[in-house]
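Written out below as structure tokens is the structure these notes cover.
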Amino acid sequence: MNGLCINNAFSPTMIVFSSKEKLFFSVAENPPLKQPNNILYVVKSMMELFSFSPEDIDFISVVKGPGSFTGTRIGVVEGKMLAFLLNIPLVALNSLELIASGFEEEVIPVLPAGRNAYFVSRFNFGKRMEQDLCINLEELLQIEATIITPVSSLKNVLKGKRVIVHIPTLNEFAKKSFEKFTEGSIVDDPLSLIPTYLRSVNLIFKGEK
């Protein structure tokens with residue numbers, strides 16, 4: 001059983017092809033903002049380099065957000081297109097759940113949403129305790145639990161808070177993908193998958209009051 005795992009929702013972007021036991025190839029990078037999308041090119045090139053064929057892929061996993069608006073959209077479109085064309089299952093992963101996975105305590109995964117807004121949720125020993133939210137900086141500073149983020153610059157923003165900079169490893173990404181696949185968290189129709197776009201509409205209106 002082999003899975004092709006794609007994260008384009010937050011940096012570093014990741015492409016992993018593995019079985020449950022072995023990672024066959026992987027690519028992780030922090031692309032510049034103006035870099036053109038190259039997910040399909042990388043997948044094709046790496047499959048050919050390591051002598052794999054599309055028939056060797058048993059399922060696709062893709063991080064559906066929340067995260068970068070453009071990056072998330074591109075990753076989801078290409079993930080579901082590959083799953084549809086290859087007629088294989090598609091698994092959708094949540095960005096914040098992936099970031100929080102592996103922590104055996106209560107943690108708050110955080111991703112910047114732009115314009116002083118932040119995507120957050122709450123997990124305890126990997127179990128989701130609340131839905132994803134988009135909050136402002138003032139609300140973020142009120143959080144007392146341990147904050148987990150892949151963005152190192154947030155340590156400067158959240159001085160005085162317990163902030164752990166944690167980028168999910170390629171193996172953790174693959175492990176979480178297989179975990180979700182084994183649980184049966186499969187999208188019924190790959191083409192129906194919609195990225196998770198948490199917009200800060202409420203924050204904008206609150207700011208205008």
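Each reported figure results from applying straightforward, stated rules to the coordinates on display, with no laboratory input. Computed from a predicted structure; not experimentally measured. Heads up, the Cβs are rebuilt from the backbone with ideal geometry, glycines too, and the neighbour counts pull from every protein chain shown.
Table for the structure above
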read-out: With Cα atoms, 0 to 90° folded angle of helix 39-49 axis to the chain main axis; value: 40
read-out: Distance between region 40-76 and region 111-162 - C-alpha centres, whole angstrom; value: 28
read-out: Viscosity 1.002 mPa s, temperature 20 °C, Stokes-Einstein D of the chain from Kirkwood C-alpha radius, µm²/s; value: 121
read-out: Members of 64/155; 127/175; 80/180; 22/180; 64/180; 22/176 lying beyond 23 Å, as alpha-carbon distances in this model show; value: 64/155
read-out: Whole-Hz couplings from phi, Karplus 6.51/-1.76/1.60, listed for region 152-161; x for Gly and Pro; value: 5, 5, 5, 5, 6, 6, 10, 4, x, 9
read-out: Acute angle (nearest 10 degrees) that the helix 170-183 long axis makes with the longest principal axis of the chain, alpha-carbon atoms; value: 80
read-out: Longest segment of the chain lacking chymotrypsin sites (Phe, Trp or Tyr not before Pro) that sit in a DSSP loop with at most 12 other Cβ atoms within 10 Å; value: 126-209
read-out: Per DSSP, loop GluC sites (Glu not before Pro) in region 1-92 with at most 16 further Cβ within 10 Å; value: 21
